[in-house]
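Just below is one structure, and these are the notes that go with it.
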Amino acid sequence: KAGVTQTPRYLIKTRGQQVTLSCSPISGHRSVSWYQQTPGQGLQFLFEYFSETQRNKGNFPGRFSGRQFSNSRSEMNVSTLELGDSALYLCASNLQGASGYTFGSGTRLTVV
Amino acid sequence: GESVGLHLPTLSVQEGDNSIINCAYSNSASDYFIWYKQESGKGPQFIIDIRSNMDKRQGQRVTVLLNKTVKHLSLQIAATQPGDSAVYFCAENMDSSYKLIFGSGTRLLVRP
């Protein structure tokens, strides 16, 4: 079966711009969560959605937002990009009540 | 490839030897723990998990040990192979939080 699909794979943006990243979870998985990975901070939780509702949010500024659609696909948006937002953004999906979170390959965002 | 962590602790082992990767977790209320493997350019890949009501769980060539008294988790890899070279992360979770908290990671290098 298909895994977690993230698009685009790579992205270069300029400071001040905004960006939208997309994640398609494994079929049947209704929980989608997002993580930011940087060399300095490691893997940090951004937010989690289930049935179009955000159930938890990490400690990130309001410039980071997300949403989930009725088909469980999710998007995250970062507005007014800063150099420090350069990171690998990872999406994970999970089958409620089951073990393990399956990650996608990520979107590498570079802010210049 | 992408740099997962520039200053990660590194474990170097000879091919065929056993590897032990350690992790200290932060929250005594965490009830679910996962080990992930991340190769360059890829997202974290699930290896094995364990719930807090267990002390040990075995998979194929891997064993996870959980010591709740000292909040310590370890991953043992038997007969380490070159393909095991990667960065390994532990993650903790409380079912009610819908998020994973990741450790800082350990880089495993397998010498031929």
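The values are calculated or read from the model by the stated rules, or taken from the named source; none is laboratory data. Computed from a predicted structure; not experimentally measured. Positions of Cβ are backbone-derived with ideal geometry, glycine not excepted, and every protein chain shown enters the neighbour counts. Heavy atoms of the whole protein, side chains included, go into the accessibility calculation; ligands, DNA and RNA do not. Shrake-Rupley method; radii C 1.70, N 1.55, O 1.52, S 1.80 Å.
Table for the structure above
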quantity: Among residues of the stretch A:1-25, those that are β-branched (Val, Ile, Thr), more than 14 Å from chain B (Cβ to nearest Cβ) and open to solvent by 40 Å² or more (accessible area, probe 1.4 Å), counted; calculated: 3
quantity: Residue tally, condition within 14 Å of chain B (Cβ to nearest Cβ) and surrounded by 15 or more Cβ atoms within 10 Å (Cβ to Cβ), over the stretch A:58-95; calculated: 15
quantity: Residue list for the stretch B:53-63, restricted to those being surrounded by 15 or more Cβ atoms within 10 Å (Cβ to Cβ) and either within 19 Å of A:ALA92 (Cβ to Cβ) or within 13 Å of chain A (Cβ to nearest Cβ) (or both); calculated: B:ARG57
quantity: Meets criteria (free of Cβ contacts under 8 Å to residues at least 12 places away in the same chain and more than 14 Å from chain A (Cβ to nearest Cβ)) for B:LEU73; calculated: no
quantity: Residues within the stretch B:87-112 that are of a type in the set (A, V, I, L, M) and open to solvent by less than 10 Å² (accessible area, probe 1.4 Å), tallied; calculated: 4
quantity: Single residue of the stretch B:6-25 satisfying the filter (under 15 Å from the mean Cα position of the chain (by Cα) and part of a loop (DSSP other than H, G, I, E, B)) that is modelled with the highest pLDDT; calculated: B:ASN18
quantity: Residue pairs meeting the criteria (Cβ under 6 Å; at least 6 apart or on separate chains; first over 15 Å from B:GLN76 (Cα atoms), in the stretch B:101-112; second open to solvent by 80 Å² or more (accessible area, probe 1.4 Å)); calculated: B:PRO112/B:GLU15
quantity: Residue check for A:SER31: surrounded by 15 or more Cβ atoms within 10 Å (Cβ to Cβ), over 20 Å from A:LYS13 (Cβ atoms), more than 11 Å from chain B (Cβ to nearest Cβ) and in contact with a strand residue (DSSP E or B) (Cβ under 8 Å, 6 or more places away or on another chain); calculated: no
quantity: Counted residues, the stretch B:12-32 - those being more than 30 Å from B:SER97 (Cα to Cα) and open to solvent by less than 50 Å² (accessible area, probe 1.4 Å); calculated: 3
